[in-house]
Every structure is written in C-alpha cells, then in structure tokens.
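Visitor: Take a look at this one; I'll ask things after.
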Amino acid sequence: MSNNERSIDGAVNAKFILRHFKMKLLLSYYYFQVLTREDIKSSSLPYVEQSDTEWSRALPYNSLPGPSRLRLIKEVLPGGKYCNVNMMELNRLLRETYGDIYLVKGLFGREDTVFTYNPHDFEIMFRNEGIWPHRVGLQTFNYYRKKKRPEIFHGIGGLVSEQGKTWGDIRSKVNPIMMKSQTIRENLPQIDVIAQEFTKRLESMRVIGDNLIKCNFLEEVQKWAFESISFIALNKRMGLFGDNPDRKALSLAENMSLFFQMSYEFDVKPSVWPYVQTRAFKEFLTVYDNITDITLSFIEQEMSELQRRGIQEAKSVLEKLLKIDKHIALVMVMDMLMAGIDTVGEYIFIFTYHTSKDL
Ligand code: HEM
C-alpha cells in the first residue's frame, strides 16, 4: 500500500493516531469503532473493539512512514537536511518525503507525534479520543511550570500542557467564564475601540500618495492582539499604540517572540535538554522567567487594585476566575497572554497578506 493510499484510509490513520495519543500499550492489538458523541457520553469506556471492514484493514502503528530516530538525529545536525530550516519548511520536507501521514518518533523522553494532512482523520480522531483528549504539548512548558517554578504554579500546568482528567477539571472550572458569550458581549465595546485605534494608527503610517504602510506590520498587529487580550484578561490598557507604551508590556512582547523561536529548537527539533542543559537552554529558561515574572506582576497589580476597590461586579476574566480559584486564575490569565498574542498576530498578518494579494 502506498503512502497516499494509507493517508486516505481514515481507519488506518485514526488507529495510528489513537495509539499515539491515548493508550500506547493497550491499543497494539485492538481495532476501535468510530463512536458518536452520544456513544462516548453514555460509555465509561472511550473505545470499543469492533470488526468493521474499515477497521479490519487497519495496519500496525509501526508501519507508518517516517524517519527513523537515527535518521532524524542525523538530519537535524549540521550538514543535515533539517538543520537550518524553520518549522514550516521542516513539515514541508517531511511531507514531501513521507506523504500525507507520517510518524516522527519521540526522542530524549518526548512522545511520538503523528502528522496528518487529511481532514477526515481529524474527525475520526476527535470522535475516538474520548472526553479527555491527549494533545502533544510543549515539554519545556511542563518542565518549567512543574519543576522550575513550582512556587508560582502550585502544580498546575494550565490548559495548554495538562492532559486527561486534570485538564478536564481545569476546563470545567474555566469554561463557564471563558466560553460564555456574555463575556464576549461585555468586552465588545472596548475591543471595538481598540480596533478603531489600531486602524487609525495604520492610517497614520500610510505613505502619502501610495498604498503602502511604512511599519513592521507583524509587530503592529501583535501590539493590537496584545492590547485586546490584556484588556479581556486584566481589564487593563497597555497603551501600546501611544508614544508611552507600558515598558513591561513591550518586554513581554519581546520575550514572547523569543519564546516562539526558542521553543522550536527545544520542543520541536530533537534536543538533549532533559539530560544536558546547554547555555542556550538556560537562556530559554530565562525567557520563561521573564514571561512569568512580567505576567505575574500584571496579575498581582490587578489583584491589589481589586482588593482596593472592594467587592463589586467582576469585570475582567481575572476577576471572574479569582472568585473560583486563585491559582487557576493566575495560570489561565498567563496562558491567555502567552497563547493569544502570537497566534492572533500571525494569523491576521498572513490573512491580510493573502487577501491583499488576491484582491
Ligand atoms: C488565530 C488565533 C489562534 C489560533 C490559530 C489558535 C490555535 C490553537 C490551537 C491549534 C490550539 C490547540 C488545540 C488542541 O489542542 O486541540 C489552541 C489551544 C489553546 N489556545 Fe489558541 N489559538 C488562537 C488564539 C487564541 C487566543 C486569542 C487565546 C487566548 C486569549 C488562545 C488560548 C488558547 C488556550 C488556553 C488553548 C488550550 C485550550 C485547551 O487545551 O483547553 N488561543 N489554540
């Protein structure tokens, strides 16, 4: 069977993915049914053995194409194909070589990762992974929060890195606030003001008589994302569009950018950091420290402001979460600031680029 045939066979792919994601040992000899949401809800067992034709054609996990561990190490070292490439380039090269579904085996304590480019697989995976999905997280993130700074995080990794029931418990606590449309409605007027300030700022940077804007556009959209998210999370304006932006906010943005660059080196490419902490890795830990300390100082500032104001109706996400659980509030707000800025910034940057090209 060719790679391509494998990739369009949802059953094969889903089995591979499930094995990786959930039950590494148990799954080896079983085939699993595609469950509906109702099935999953009504069953304490997320997976059921079955003899469906599609599943009966499922191939063993180990027959997934992909580089061997040795090849992977060789290719990321100087002179190798994957040495000086960025993440997109790395994925493109792997896809060219191995097809639309491939396995990158875990190295140095990291889990295996299955990459699939077939949306049909996504449905199968989501339907089969049960109520507690297992997402490949950032290993350094977990290490930093659980081992390096336990005094801050109190054993809570946050939504991005927790798995299983622990993840489910945090979601149950934050969902009533984070997923409530009322929270969005309450914030909309100010989010609109921020968006208008942003477009005015872009207007002011427009080159007269030309259709160009003279600025670092990605940096500008990141400022807009930051200003919007910090308002929702902390009910605070950072003043990033003005001449006198909050210095801590600027430093957080810089450190966030470093974080994403360095995370690729230590969380995506094979790295020996779990055994040997190089100077570069220690620098990465300093970036984590900077991000933690700055976000923490914003949160503490807001918390003492709240105490000063006394009990009143909660406005920011932080205020609302504080009423439920102080430690979770802290980690959730930190995650919002960390997860929201670069994602939104990059997305708008790429979206604007493509729409402007296609107009
Ligand atoms: C265009 C913008 C964004 C993109 C493309 C994006 C993408 C993603 C992806 C792919 C995941 C992983 C989902 C999974 O594991 O199944 C994720 C999770 C997450 N994102 Fe975003 N995100 C964006 C914006 C944001 C914003 C604005 C925030 C916060 C204000 C945020 C906070 C989070 C959090 C907390 C999680 C973990 C959720 C959980 O596992 O329960 N993201 N995001």
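Visitor: Residue check, Gly130 against (1) modelled with pLDDT of 90 or more; (2) crowded, with 16+ Cβ neighbours inside 10 Å; (3) within 15 Å of the ligand (Cβ to nearest atom), all met but one. Which one?
Guide: Of everything listed in (1) modelled with pLDDT of 90 or more; (2) crowded, with 16+ Cβ neighbours inside 10 Å; (3) within 15 Å of the ligand (Cβ to nearest atom), Gly130 misses just condition (1).
Visitor: Condition first: closer than 26 Å to Leu285 by Cα and free of Cβ contacts under 8 Å to residues at least 24 places away in the same chain. Can you find one or more residues in segment 251-260 that meet it?
Guide: Checking segment 251-260: at least one residue is closer than 26 Å to Leu285 by Cα and free of Cβ contacts under 8 Å to residues at least 24 places away in the same chain.
Visitor: Determine which member of the set Ile152, Ile184, Ile177, Ile191 is assigned by the TED database to the domain that holds Leu285, closer than 19 Å to Lys326 by Cβ and in a helix (DSSP H, G or I).
Guide: Result of the check over Ile152, Ile184, Ile177, Ile191: Ile177.
Visitor: I've got another one for you. Looking at segment 212-226 only, could you name the residues that are modelled with pLDDT under 90, part of a helix (DSSP H, G or I) and basic (Lys, Arg)?
Guide: Selection gives nothing.
Visitor: Scan segment 268-285 residue by residue and report those that are assigned to a helix (DSSP H, G or I), modelled with pLDDT of 90 or more and touching a helix residue (DSSP H, G or I) at 6+ places or on another chain (Cβ under 9 Å).
Guide: Once the filter is applied, which keeps residues that are assigned to a helix (DSSP H, G or I), modelled with pLDDT of 90 or more and touching a helix residue (DSSP H, G or I) at 6+ places or on another chain (Cβ under 9 Å), segment 268-285 yields Ala280, Phe281, Glu283, Phe284, Leu285.
Visitor: Return the pairs, sorted by first residue and then second, in which the second residue is of a type in the set (Gly, Ala, Ser), the first residue lies in segment 54-78 and is part of a loop (DSSP other than H, G, I, E, B), the beta carbons are less than 7 Å apart, and the residues are 6+ apart or on different chains.
Guide: Listed by first residue and then by second, the contacts come to Arg57/Ala11; Ala58/Ala11; Pro65/Gly99.
Visitor: For segment 263-275, check the following and say yes or no: at least one residue is farther than 19 Å from Ser161 by Cα and either within 18 Å of the chain's Cα centre (by Cα) or surrounded by fewer than 17 Cβ atoms within 10 Å (Cβ to Cβ) (or both).
Guide: yes
Visitor: Write out, first by first residue and then by second, each pair whose Cβ atoms fall under 9 Å of each other, whose residues are 6+ apart or on separate chains, and whose first residue, in segment 277-297, is surrounded by 12 or more Cβ atoms within 10 Å (Cβ to Cβ) while the second is modelled with pLDDT of 95 or more and of a type in the set (A, V, I, L, M).
Guide: Every condition considered, the pairs that remain are Gln277/Leu285.
Visitor: Further question: Using the structure shown, decide if Ile208 is in the same structural domain as Val331 (by the TED database) and either touching an Asp or Glu at 6+ places or on another chain (Cβ under 6 Å) or within 16 Å of the ligand (Cβ to nearest atom) (or both).
Guide: It is false that Ile208 is in the same structural domain as Val331 (by the TED database) and either touching an Asp or Glu at 6+ places or on another chain (Cβ under 6 Å) or within 16 Å of the ligand (Cβ to nearest atom) (or both).
Visitor: Can you tell me which residue is surrounded by the fewest Cβ atoms within 10 Å (Cβ to Cβ) among those in segment 160-174 that are near the ligand (Cβ under 9 Å from one of its atoms) and over 11 Å from His134 (Cα atoms)?
Guide: Arg171
Visitor: Residues Glu346, Glu300: which one is acidic (Asp, Glu), modelled with pLDDT of 85 or more, in a helix (DSSP H, G or I) and over 30 Å from Met88 (Cα atoms)?
Guide: Just one listed residue meets the conditions, Glu300.
Visitor: Out of segment 231-262, which residues are out of contact with any Ser or Thr (no Cβ under 9 Å at 6 or more places or on another chain), among the small types (Gly, Ala, Ser) and surrounded by 15 or more Cβ atoms within 10 Å (Cβ to Cβ)?
Guide: Scanning segment 231-262 gives Ala253, Ser257.
Visitor: Select from segment 321-359 the residues that are surrounded by fewer than 17 Cβ atoms within 10 Å (Cβ to Cβ), small (Gly, Ala, Ser) and within 10 Å of the ligand (Cβ to nearest atom) and list them in ascending order.
Guide: Answer for segment 321-359, where residues must be surrounded by fewer than 17 Cβ atoms within 10 Å (Cβ to Cβ), small (Gly, Ala, Ser) and within 10 Å of the ligand (Cβ to nearest atom): just Ala339.
Visitor: Moving to a separate point now. Kindly indicate whether any position in segment 145-153 is surrounded by 15 or more Cβ atoms within 10 Å (Cβ to Cβ), within 11 Å of the ligand (Cβ to nearest atom) and under 23 Å from Ser263 (Cα atoms).
Guide: no
The values are calculated or read from the model by the stated rules, or taken from the named source; none is laboratory data. Model, not experiment: these values are computed from the prediction. Note that each Cβ is placed from the backbone with ideal geometry, even for glycine, and that neighbours are counted across all protein chains shown.
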